[in-house]
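Each value in this text was obtained by applying a stated rule to the coordinates, not by laboratory testing. The shown structure was predicted, so the numbers you read here are calculated from the model rather than taken from an experiment. When we count neighbours, we look across all protein chains shown, and the Cβ atoms used for this are built from the backbone with ideal geometry, even at glycine.
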Protein chains: 2
Amino acid sequence: MQCFQVTAESGNYPVLIGHGAWRELRSLNPQGYSSVFILTEKGIWRHWGDRFLRDSALRSARVIFVPSGEKSKSLAQVERVSSVLARAGADRKSLLVLFGGGVIGDLGGLVASTYMRGIDCVQAPTTLLGQVDSSIGGKNAVNLPAGKNLVGTFYPPRMVLADPTVLSSLSPRIFRSGLYEVVKHAILAAQPLFDLLDHHLDALQPGNRKALEAILGPAVEVKIDVVNQDEREANLRQVLNLGHTFGHALEAATGYRCFLHGESVGWGLLAIAVLAEQLGYLKLPAGTTSKARDSDAERIRDLVWRVGPLPSIRDVSARKIVKLLPRDKKTVGGEIHWVIPERIGKVRIVTGIPMAAAELAWRTLQQMPQPASRI
Amino acid sequence: MQCFQVTAESGNYPVLIGHGAWRELRSLNPQGYSSVFILTEKGIWRHWGDRFLRDSALRSARVIFVPSGEKSKSLAQVERVSSVLARAGADRKSLLVLFGGGVIGDLGGLVASTYMRGIDCVQAPTTLLGQVDSSIGGKNAVNLPAGKNLVGTFYPPRMVLADPTVLSSLSPRIFRSGLYEVVKHAILAAQPLFDLLDHHLDALQPGNRKALEAILGPAVEVKIDVVNQDEREANLRQVLNLGHTFGHALEAATGYRCFLHGESVGWGLLAIAVLAEQLGYLKLPAGTTSKARDSDAERIRDLVWRVGPLPSIRDVSARKIVKLLPRDKKTVGGEIHWVIPERIGKVRIVTGIPMAAAELAWRTLQQMPQPASRI
């Protein structure tokens, strides 16, 4: 079991990663709560519900199901789940356990932070994306028709419990979707994590718990380091947005229906690498020529491509993407704050990039051949 | 101009009360914001919009209207207003000014605290209820079908600006509705405020700015004192719930349609005085007999009755009220935390009061003749 500590302005909480992590719920002493609710999706609950109840010893908890998929990240679902809590007699001393992927964590985090102005919650992420990224940092949100993640709060969980065993039942596509966030963390981190991921990518399969545990810890540490320094995205936390500016535009342009969040981040990482290269930010390693096979831009793209096949972006026009870029919530006063990789392990926040450059980068990406993938 | 300071865990902010208070918005330097939005209702805006824009110098602000009435306190309205903000390009550096009564403050506070995970807001309350109570303390919420104020946050405004001039356009009924909260504060406060209110009640009319300013300050101070000691209702803040346990049940029992919030608090104060008297909590002043004309119970009831006529509760059965009591959100683990007056200036939190006693108190109240009122 690996244990990390988030120490943020809004509260401290532990992040536990490893086989048996759910047992830590026993330490929370659920008897101190007036009632316990578990928010989850039917698919994951069918697979893991019994084991979760056994490990966590939450046999008397009431289970609330949410339809799977991004469309559940809505204020309508906040209303529905809160109403279920109210009708079931949940009060301020109730505990809400979020057992699921990013959607459950985001929706449930907002419910927990607003139900009776805030009740305790525990994140038990069941997807790679959740375990490595979205469950950590206390951010939650739901979508508006006008854009993704526009309504939410900062609200720390009491603890984050990530058992990678649960990943074995993930579909390959959902699993890969999470790997793109791991790649993002590897680009942000110093060289060791990138190389580690580069070498072990093929072994990272849903059922390979050992390989997963080896990567999860260092990847989670990247996120925790950033969050501990800047919980509220005043500055540093913006770097976690790497690949998300294009990514969110892609999700919006396709009505949140064609791409999983991680897949759109995958495309976003590819696009930002192209943009960074075209604008001269992503420099070649010192001492190499422009013909060097392994420029950082290429290493980034190679790693993203190696994760697996991505749904095509052929029909998503550059014009549409560019039109949807400014709606990204990292925008301040109409500016987009681009997170631009300068090399592996170093990004820079850049404003004022011309829309024409972003459009060109997307077009260039659309015309790049997607290499034959490992899967 | 009277100035008070709220010093709470979530942030400090000034409360300014008096003619010309809106001018303080100029000190916020709205030029530091990327954009300014004003959330309001058409009725109040028609009367005061021009003067507000002139005083505040917010000529370039965009005005967003919300339908008047309690039904606007919904997650559907949070979604609508947030979508308007998003489509108008509001970002994290936008300012939301809440110009209206309790509904605008409650709805707008939740919007401000969740839009892009929190933008600045200023409370400019335009009702007596808003100026004396709901705009102060950082609490906001919307209703669920299952109960009132079940979804919300604690979120401090940047400032609260209460100009009593605006009260002159209030309908007598809306104005009186706010007076019940003033009465509540007077019951909580030490004797001077109660006596002051007792003596000046007849002069407290929408257009009598001088009388209003004399009462507003001391009444607001009661609330600020409590909030400064206990922002998150861990304990002390519960006393502000005086009259609200019955009051919320009455609102719920009548579908939030028949009683203004303050009116239900008026009935709630009457009911809790009856209950406190019947259970022996509301004691007679030392040295008086049970036949004393001016027991505190009677003084409380007299003051509430003198505010004016209340819509009848004849058709709201005690059984229905009692059934809706436990849904009050101050409930922890199924218990109701009753705020029981022991005398004017002193309340006690009591749990475990039998439902039969609450039912009897309501029935007793229903049978009391409502005295001929001053209006």
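Is the C-alpha gyration tensor of the range A:153-196 telling us rounded, prolate or oblate? Criteria: a/c under 1.5 is rounded; beyond that, a/b larger than b/c is prolate, otherwise oblate. List each step's numbers first, then the result.
Details: a/c = 1.92, a/b = 1.13, b/c = 1.70.
Oblate shape, in that a/c is at least 1.5 and b/c is the bigger or equal ratio.
When a footprinting reagent is the concern and you count Cβ atoms within 10 Å, what order do A:Y115, A:Y256 take, fewest first?
Working: A:Y115 26, A:Y256 19.
Fewest-to-most Cβ neighbours within 10 Å comes out as A:Y256, A:Y115.
Of all the C-alpha pairs in the range A:46-197, what % are more than 21 Å from each other?
On the way: 5348 of 11476 pairs.
Beyond 21 Å sits 47 percent of the P(r) for the range A:46-197.
For every helix of n ≥ 4 consecutive DSSP H residues, a contribution of -39,500 (n - 2.57) applies; sum these over the protein assembly as shown, divide by its total residues, and give [θ] at 222 nm rounded to the nearest 500 deg cm²/dmol. Spell out each step's value before the answer.
Values: 22 runs with 298 residues, N = 750.
Counting only the DSSP helices, I get -12500 deg cm²/dmol.
Using DSSP, restrict attention to beta bridges with both residues in the protein assembly as shown and report what percent are antiparallel, rounded to the nearest 5. If you can, show how the numbers build up before the last one.
On the way: 36 of 76 bridges.
In the protein assembly as shown, DSSP labels about 45 percent of beta bridges as antiparallel.
Relative contact order for chain B: what percent, with Cα pairs under 8 Å and sequence separation of 6 or more?
Dividing the mean separation by the residue count of chain B yields 15 percent.
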Report summary line: Percent of all alpha-carbon pairs of the protein assembly as shown at distances over 33 Å, whole number, is 54
Query raised in the report: DSSP loop trypsin sites (Lys or Arg not before Pro) in the range A:202-269 with at most 10 other Cβ atoms within 10 Å of their Cβ, which ones?
Result: A:R257
Query raised in the report: When chain A is turned about an axis onto chain B, which of its residues keeps its C-beta closest to that axis, and how many Å is it?
Result: A:L75, 2
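For the pairs A:K71/B:K42; A:K73/B:K320; A:K71/B:K93; B:K148/B:K223; A:K42/A:K210; B:K42/B:K71, flag any whose C-alpha to C-alpha distance is greater than 25 Å.
Numbers: A:K71/B:K42 33 Å; A:K73/B:K320 35 Å; A:K71/B:K93 28 Å; B:K148/B:K223 21 Å; A:K42/A:K210 27 Å; B:K42/B:K71 15 Å.
Pairs exceeding 25 Å: A:K71/B:K42; A:K73/B:K320; A:K71/B:K93; A:K42/A:K210.
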Query raised in the report: Based on DSSP, what percent of beta bridges with both residues in chain A are antiparallel, to the nearest 5?
Result: 45
Query - At R0 = 35 Å, FRET efficiency that the Cβ-Cβ distance of A:A88 and B:D315 yields, to 0.05 - result: 0.75
**Report entry** Cut-off 18 Å, label 7 Å out along Cα→Cβ of A:R54, residues of the range A:140-183 by amide N
**Finding:** A:163-169
Query raised in the report: For helix A:75-87, what angle does its Cα long axis make with the longest principal axis of chain A, in degrees from 0 to 90 and rounded to 10?
Result: 10
**Report entry** Dimensionless Rg over Rh [the range B:336-375; C-alpha; Kirkwood]
**Finding:** 1.10
Requested in this report: Taking every Cα atom in the range B:81-128, find the radius of gyration and the maximum pairwise distance Dmax, and write them in Å.
Outcome: 10.5, 33
Query - Using a 7 Å Cα-to-Cβ projection, B:R257 label spacings across copies, nm, ascending - result: 3.7
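Going by the alpha-carbon gyration tensor, a ≥ b ≥ c the square roots of its eigenvalues, is the range B:151-277 rounded (a/c under 1.5) or, if a/c is not under 1.5, prolate (a/b greater than b/c) versus oblate? Don't skip to the answer; put the middle values down first.
Working: a/c = 1.29, a/b = 1.14, b/c = 1.13.
It is rounded, given that a/c, with a ≥ b ≥ c, falls under 1.5.
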Report task. Sort out for me the Cα centre separation of the range A:188-261 from the range A:124-154, rounded to whole Å. Result -> 13
Query raised in the report: Does the range B:52-93 come out rounded, prolate or oblate, given a ≥ b ≥ c as the square roots of the eigenvalues of its C-alpha gyration tensor, rounded meaning a/c under 1.5 and, failing that, prolate meaning a/b above b/c?
Result: oblate
Query raised in the report: Given label points at 7 Å from Cα along Cα→Cβ, what nm distances, shortest first, separate A:R87 from the same residue in every other copy?
Result: 3.2
Report summary line: Karplus ³J(HN,Hα) for the range A:257-264 (6.51 cos²θ - 1.76 cosθ + 1.60, θ = phi - 60°; Hz, whole; x = Gly/Pro) runs 10, 9, 10, 5, 3, x, 5, 5
Requested in this report: Provide the gained length on full extension for the span B:R46 to B:R62, in nm with one decimal, where the gain is 0.36 nm per separating residue minus the Cα-Cα distance.
Outcome: 4.3 nm
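Could you tell me what fraction of 2.2 N^0.38 Å the Cα radius of gyration of the range A:1-57 comes to, as a two-decimal ratio? Numbers along the way, then the final one.
Details: Rg = 13.2 Å, N = 57, 2.2 N^0.38 = 10.2 Å.
It is 1.29.
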Report summary line: Sorted shortest first, the nm distances from the A:P14 label point (7 Å along Cα→Cβ) to its counterparts in the other copies are 4.7
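Between A:A76 and A:S171, take the C-beta separation as r, use R0 = 30 Å, and let me know the FRET efficiency to the nearest 0.05.
Numbers: r = 26 Å, r/R0 = 0.88.
The calculated FRET efficiency here is 0.70.
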Query raised in the report: If one takes the longest principal axis of the Cα atoms in chain A, at what angle in degrees, from 0 to 90 and to the nearest 10, does the Cα axis of helix A:191-200 lie?
Result: 80
Query raised in the report: At q = 0.07, 0.11, 0.12 Å⁻¹, what log₁₀ I(q)/I(0) does a Debye calculation on the Cα points of chain A give, no solvent, two decimals?
Result: -0.29, -0.73, -0.87
Query - Degrees between helix A:355-367 axis and first principal axis of chain A (Cα, 0 to 90, nearest 10) - result: 90
**Report entry** Rounded D (µm²/s) - the range A:119-176, Kirkwood Rh over Cα pairs, Stokes-Einstein at 4 °C, 1.567 mPa s
**Finding:** 102
Requested in this report: Report the normalised scattering of the range B:172-223 as log10 I(q)/I(0) at q = 0.12, 0.29 Å⁻¹, calculated by the Debye formula with identical scatterers on the alpha carbons.
Outcome: -0.21, -1.28
Report summary line: Expressed in Å to one decimal, the Kirkwood Rh of the range B:1-121 from all distinct alpha-carbon pairs is 14.9
